[in-house]
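Below is one structure, written out as structure tokens; comments come after it.
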Amino acid sequence: MLTCQQATQLMSSRLDHEMPITKKMNLKLHLMMCKSCRRCDDQLDLIHQAGKQWYQRVIEEQATKSNDPEK
Ligand SMILES: [Zn+2]
């Protein structure tokens, strides 16, 4: 059984790269039983999605800027 700290660490590393299936299972199991980590997981998900959207926008802005003639 994972501790909450271990679970949180797994959650944030999951966002960066693929996790071995055994760790995924452990995390899933912990999330099933631990309400506060579930909430934390939701928030990390939101942050991750927001981050992706922000990154996308920056890329698009850069692209538009470089296409623009000098102002
Ligand atoms: Zn927990």
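A quick yes/no check of all residues on (1) surrounded by 10 or more Cβ atoms within 10 Å (Cβ to Cβ); (2) within 11 Å of the ligand (Cβ to nearest atom):
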position: R14; (1), (2): yes, no
position: N26; (1), (2): yes, no
position: S36; (1), (2): yes, yes
position: Q43; (1), (2): yes, no
position: I47; (1), (2): yes, no
position: S66; (1), (2): no, no
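In the stretch 20-43, the residues that are among the hydrophobic types (A, V, I, L, M, F, W, C) form Cβ pairs under 6 Å with partners that are part of a helix (DSSP H, G or I) and more than 10 Å from the ligand (Cβ to nearest atom), at six or more places apart or across chains, as follows: L27/L10.
Rule-based calculations on the coordinates, nothing more; no lab input. What you see is a predicted model; the values in this text were computed from it and never measured. With ideal geometry, Cβ positions are generated from the backbone for all residues, glycine too; neighbour counts draw on all protein chains shown.
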